[in-house]
1. Residues in the stretch 311-326: is at least one crowded, with 18+ Cβ neighbours inside 10 Å, in contact with a strand residue (DSSP E or B) (Cβ under 8 Å, 6 or more places away or on another chain) and part of a helix (DSSP H, G or I)?
2. Output yes when any residue across the stretch 411-419 is outside any loop (DSSP other than H, G, I, E, B), farther than 20 Å from residue 354 by Cα and under 31 Å from the mean Cα position of the chain (by Cα), and no when none is.
3. Surrounded by 13 or more Cβ atoms within 10 Å (Cβ to Cβ), closer than 22 Å to residue 421 by Cβ, touching a helix residue (DSSP H, G or I) at 6+ places or on another chain (Cβ under 9 Å) and at pLDDT 95 or above: is that true of residue 453 in this structure?
4. Restricting attention to the stretch 337-357, which residues are surrounded by 24 or more Cβ atoms within 10 Å (Cβ to Cβ) and part of a strand (DSSP E or B)?
5. Is there a residue in the stretch 149-157 that is modelled with pLDDT of 70 or more and assigned to a helix (DSSP H, G or I)?
6. Looking at the stretch 258-281 only, could you name the residues that are over 17 Å from residue 223 (Cα atoms) and outside any loop (DSSP other than H, G, I, E, B)?
7. Which of the residues spanning the stretch 240-257 are assigned to a loop (DSSP other than H, G, I, E, B) and buried (at least 24 other Cβ atoms within 10 Å of the Cβ)?
8. I'd like to verify a number: residues in the stretch 80-98 that are over 14 Å from residue 119 (Cα atoms) and surrounded by 21 or more Cβ atoms within 10 Å (Cβ to Cβ), how many?
């Protein structure tokens, strides 16, 4: 069962559909469990609104009762199909599966169509929709599969599965070079950057009483929230996304817990949870295995709290990459604690491109346990997603980064702190670091530090003597442009 609750403020949940439906497996539904959409304030309010919307002449979103819907052109409206027009009650009691199937079937007959699920209703659904994997089935222009935009108090809850069948697209991915690979030569497998411009198409499928929606895009996210407040995702499983599994962009007051994210360790760019321009985010009790960062924290993020997360395979928990193409990046107040990392490329990592500006500050990594992690602790201010990048003097300034109770085994090196010459890392603190080598196929490397300054509050295993004690002569923030 999947429950979806949302409190709309004159906004709509839009589900985009493929250009062609001839390969859509008949757009058919079959019996499964329930998918439920609950509005936030009260079920009585939903029922009241449902009665109001069910009256009048409503044809494909062009009839009466449109309320606060945005103005649309006749061409756009002709491709929009409101589930209420097909008999959905939205009272939380009536099974609205047939209405959704009818809206879906009608959308399948129109290119670049959209199914509208209005806010302030409680929908009870039972069924599965199967989508094609052929690139020719999808139109261009959409950036997401399943997207929730500018909503307040929205909850995705249940036990269903979102399956992206990403293997169709992974095999066509470009092979990019990671900066750590370049530094270590052949000691580590090639990986790919978090974001790729590979053009492809993909689909999303939710089983066990779930809803499917498909998009075509250069950047594929299975599930995306944009500009939303008080969003919760819990209980579901997201697997095999062609790219990022779950993304929050420009959101505030987010909670993600008790979910599973799963894709193979060699699947390119399949971040587990991707955060960008989001604040006050709480991620906990999550099990993730993927081909990229289990959690990726990008510019504009602050007050992020991540704990009790299992990660592996994957690239660990990462902040960045930041400052790409000489951009300004600001990240602050990030806490990552009580994390288990198994067979990941890195453990906890901060990565920035040369030429950026801004700052990363007030970061805490605490009680991190690693098993057979290649490099458990990484700061890389020379990140590059190509075989080579231009040397530049400016950099995102890094300060106040605490590592506490980092324990376990590594297979390449324990620490890699590569900081900028013009903007050295400052305020790095190390306490209770105990990392033992696991001698298998990789040769062991000693801790590496470059322009890294801070304090050792207790002896470390192995000794991290490369950390320069004290403060650098400059913190790298020299102009107002650098300030966040």
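1. Taking every residue of the stretch 311-326 in turn, at least one turns out to be crowded, with 18+ Cβ neighbours inside 10 Å, in contact with a strand residue (DSSP E or B) (Cβ under 8 Å, 6 or more places away or on another chain) and part of a helix (DSSP H, G or I).
2. There is at least one residue in the stretch 411-419 that is outside any loop (DSSP other than H, G, I, E, B), farther than 20 Å from residue 354 by Cα and under 31 Å from the mean Cα position of the chain (by Cα).
3. Details: surrounded by 13 or more Cβ atoms within 10 Å (Cβ to Cβ): yes; closer than 22 Å to residue 421 by Cβ: yes; touching a helix residue (DSSP H, G or I) at 6+ places or on another chain (Cβ under 9 Å): no; at pLDDT 95 or above: yes.
In short, no.
4. Within the stretch 337-357, 339, 341, 344, 346, 347, 348, 349, 350, 351, 352, 353, 357 meet the criteria.
5. no
6. Selection gives 279, 280.
7. So in the stretch 240-257, the residues assigned to a loop (DSSP other than H, G, I, E, B) come out as 240-245, 250-251.
The answer is 240, 241, 242, 243, 244, 245, 251.
8. Residues flagged as over 14 Å from residue 119 (Cα atoms) and surrounded by 21 or more Cβ atoms within 10 Å (Cβ to Cβ) within the stretch 80-98 amount to 4.
The values are calculated or read from the model by the stated rules, or taken from the named source; none is laboratory data. This one's a predicted model, so the numbers in the text were calculated from it and none came from an experiment. Neighbour counts are summed over all protein chains in view; Cβ atoms, including those assigned to glycine, are modelled from backbone coordinates with ideal geometry.
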